[in-house]
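Notes follow once the structure below has been shown.
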Amino acid sequence: MATSPRSDMATHPDIIAMRERHEMAERSASTPMAQAIETLALLTGLYLAASPWITGFNGLSTLTVNNLIVGIAYALLMSGGFGRAYDRVHSMAWAACALSVWAIISPWVVAGNVATTKTIVNNVVVGAIGLLLALAAAMIGRPANRDRGTSGRMSSPYAGGRS
């Protein structure tokens, strides 16, 4: 009775690709730049959550609650605690971009007359900083010399000489 040779799961192409993606994510997340972005983003989110009490517009209840919720959500998304895989962190950074844009426009959008000088300056500055940090986090881990001509597909070894 002949038995076919069993392949080892560790040599399966999907397992190898998954391991490479994980190693890339670990290298990207452990750089000093990534750690600085993560720390500054966490502090930005915590400041946004506490900013109504720090800058003194906590009497404006709709914007106070808005900043508290958006700030906590931003800090949780950008702290990196919910995902170490690059794909998840990358997606969370884009969600943090959306939260930052919301923080910028919220003084004009939320209910009530909350668009005062304090609230506008606070939310625009914190939202812009949050947006820059989220964009930087979204770009961390992307290969610098990516081949943009293949649109994510693997290139054929024989396609190089055609014009």
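Among residues of the range 36-63 being closer than 26 Å to I140 by Cβ and touching a Gly at 6+ places or on another chain (Cβ under 6 Å), the one that is surrounded by the most Cβ atoms within 10 Å (Cβ to Cβ) is L48.
Number of residues in the range 99-134 that are without any contact (Cβ under 8 Å) to a residue 60 or more places away in the chain and open to solvent by 60 Å² or more (accessible area, probe 1.4 Å) equals 12.
Residues satisfying the criterion are present in the range 73-81 (criterion: at pLDDT below 90 and surrounded by fewer than 18 Cβ atoms within 10 Å (Cβ to Cβ)).
Note on the range 96-143: among residues that are assigned to a loop (DSSP other than H, G, I, E, B) and under 24 Å from T39 (Cα atoms), the one that is modelled with the highest pLDDT is I140.
The values are calculated or read from the model by the stated rules, or taken from the named source; none is laboratory data. As the structure is a computational prediction, the values presented were derived from the model and not from experiment. So basically every Cβ, Gly included, is an ideal-geometry build from the backbone, and we count neighbours across all protein chains shown. With ligands, DNA and RNA removed, areas are computed over all heavy atoms of the protein, side chains included. Shrake-Rupley method; radii C 1.70, N 1.55, O 1.52, S 1.80 Å.
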